[in-house]
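Scroll down for the structure; my scribbles are underneath it.
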Amino acid sequence: MLRKLIDISIIGLGKIKSKRKVLPQVDTRDGLIKVNLGCGLRVAKGWLNIDGSINAMIASWPNWTHQMCYQLSGSHNYYSLNEYCRILEDNTFLYHDLAISLPLYESSVDIIYSSHFFEHLFEDDAKTLLKSCALALKPGGTIRISIPDLAYAISLYNTGKKKEMLDDYFFVEGKGSYLARHKYMYDFELLKDVLEQAGFSNIKQCEYQKGKVPDLKILDLYPEVSIFVEAVSLK
């Protein structure tokens, strides 16, 4: 019941804030403006981390609220209290519902990164967001997407691991947060098609933690089950 109340509150606030735009700060270490979409708590310094979770919502609040919300966020399953508070305090977060809109100005960002987020969007919402990403990137700007590989999920079925396929890829956390559920899946060809439709070119499948995007040693995850794709804005 509490989880549903939190989800409803987060979704409502997302609609209220759907029209806003922000201009991320330049990372003085490399001169780039970098944005991490649907970041969860997998973040790196110098990035603007945009997420629709309670974590992003409370990140700018006082430290005592972080401690209070720790048990509510679900992050207590993966992070200690000290780790959780340190991540929120040492990095820049922005709460925004990316299923509704992207809070970035056109041609304002050098790099967009997203790991294991787009599968949590309905297909039409993902296409709309990718078009917004293409507009937000500066000419020649790069997007990198890491996502669960549909081909890998199908391979589990073909090797008799049907329940693992269903539980891990198609009905993830069915009784948990609405935001955590998978709503669509991609292999490289499907992702390439939607990136092209959104206005991207030079679409390439990359190796784990290798590519043009900074901080991949921190950001990339799950090499065995993921595909990693980079593309360039056509503008």
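The values are calculated or read from the model by the stated rules, or taken from the named source; none is laboratory data. Everything numeric in this text was worked out from a predicted model, so none of it was measured. Glycine also receives a Cβ, built like all others from the backbone with ideal geometry; neighbour counts cover every protein chain displayed.
Does L81 fit the bill of being more than 19 Å from the chain's Cα centre (by Cα), within 25 Å of L121 (Cα to Cα) and surrounded by 13 or more Cβ atoms within 10 Å (Cβ to Cβ)?
On the way: more than 19 Å from the chain's Cα centre (by Cα): yes; within 25 Å of L121 (Cα to Cα): no; surrounded by 13 or more Cβ atoms within 10 Å (Cβ to Cβ): yes.
For L81, the condition - more than 19 Å from the chain's Cα centre (by Cα), within 25 Å of L121 (Cα to Cα) and surrounded by 13 or more Cβ atoms within 10 Å (Cβ to Cβ) - is not met.
Where in the stretch 34-121 are there strands (runs of 3 or more DSSP E), lying fully within it, with 2 or more residues that are out of contact with any helix residue (DSSP H, G or I) (no Cβ under 9 Å at 6 or more places or on another chain) and touching a residue at least 40 places away in the same chain (Cβ under 8 Å)?
Numbers: elements: 34-37, 47-51, 92-95, 109-115.
The strands (runs of 3 or more DSSP E) meeting that bar are 109-115.
So G140 clears everything in (1) assigned to a helix (DSSP H, G or I); (2) on the phi > 0 side of the Ramachandran plot except one condition, right? Which one?
Only one criterion in (1) assigned to a helix (DSSP H, G or I); (2) on the phi > 0 side of the Ramachandran plot is unmet by G140, namely (1).
Tell me yes or no: at least one residue of the stretch 123-136 is surrounded by fewer than 21 Cβ atoms within 10 Å (Cβ to Cβ) and in a loop (DSSP other than H, G, I, E, B). Can you show your working first?
Initial filter on the stretch 123-136 (surrounded by fewer than 21 Cβ atoms within 10 Å (Cβ to Cβ)): 123-125, 127-128, 131-132, 135.
Add one more test, that the residue is in a loop (DSSP other than H, G, I, E, B), and what stays is none.
No, the conditions are met nowhere in the stretch 123-136.
Going by the structure shown, is S146 touching a Leu at 6+ places or on another chain (Cβ under 8 Å), in a strand (DSSP E or B) and modelled with pLDDT of 95 or more?
yes
When the stretch 12-33 is examined, which residues are found to be assigned to a loop (DSSP other than H, G, I, E, B), of a type in the set (V, I, T) and free of Cβ contacts under 8 Å to residues at least 24 places away in the same chain? Step through it out loud before you land on a result.
Just the residues of the stretch 12-33 that are assigned to a loop (DSSP other than H, G, I, E, B), to begin with: 17-21, 23-26, 28-31, 33.
Applying the additional criterion that residues be of a type in the set (V, I, T) yields 26, 28, 33.
If the condition is that a residue be assigned to a loop (DSSP other than H, G, I, E, B), of a type in the set (V, I, T) and free of Cβ contacts under 8 Å to residues at least 24 places away in the same chain, then V26, T28 are the ones that fit.
Among the residues of the stretch 181-220, what is the count of those that are hydrophobic (A, V, I, L, M, F, W, C) and exposed (fewer than 15 other Cβ atoms within 10 Å of the Cβ)?
Restricting attention to the stretch 181-220, the residues satisfying the condition of being hydrophobic (A, V, I, L, M, F, W, C) are 185, 188, 190-191, 194-195, 198, 200, 203, 206, 213, 216, 218-219.
Next cut, exposed (fewer than 15 other Cβ atoms within 10 Å of the Cβ) only: 218.
Residues in the stretch 181-220 being hydrophobic (A, V, I, L, M, F, W, C) and exposed (fewer than 15 other Cβ atoms within 10 Å of the Cβ): 1 in total.
So which residues in the stretch 6-55 are buried (at least 22 other Cβ atoms within 10 Å of the Cβ), among the aliphatic types (A, V, I, L, M) and either modelled with pLDDT under 95 or in contact with a Ser or Thr (Cβ under 8 Å, 6 or more places away or on another chain) (or both), if there are any at all?
Listed by number, the residues that qualify are I33, L37, L48.
Is it the case that I154 is assigned to a helix (DSSP H, G or I), without any contact (Cβ under 8 Å) to a residue 60 or more places away in the chain and out of contact with any Asp or Glu (no Cβ under 6 Å at 6 or more places or on another chain)? If you could, list the steps in order and put the result at the bottom.
Working: assigned to a helix (DSSP H, G or I): yes; without any contact (Cβ under 8 Å) to a residue 60 or more places away in the chain: yes; out of contact with any Asp or Glu (no Cβ under 6 Å at 6 or more places or on another chain): yes.
Taking the combined requirement at face value, the residue satisfies it.
Kindly provide the set of residues from the stretch 179-230 that are at negative phi, more than 16 Å from the chain's Cα centre (by Cα) and in a strand (DSSP E or B), ordered by number.
F200, S201, I203, K204, Q205, C206
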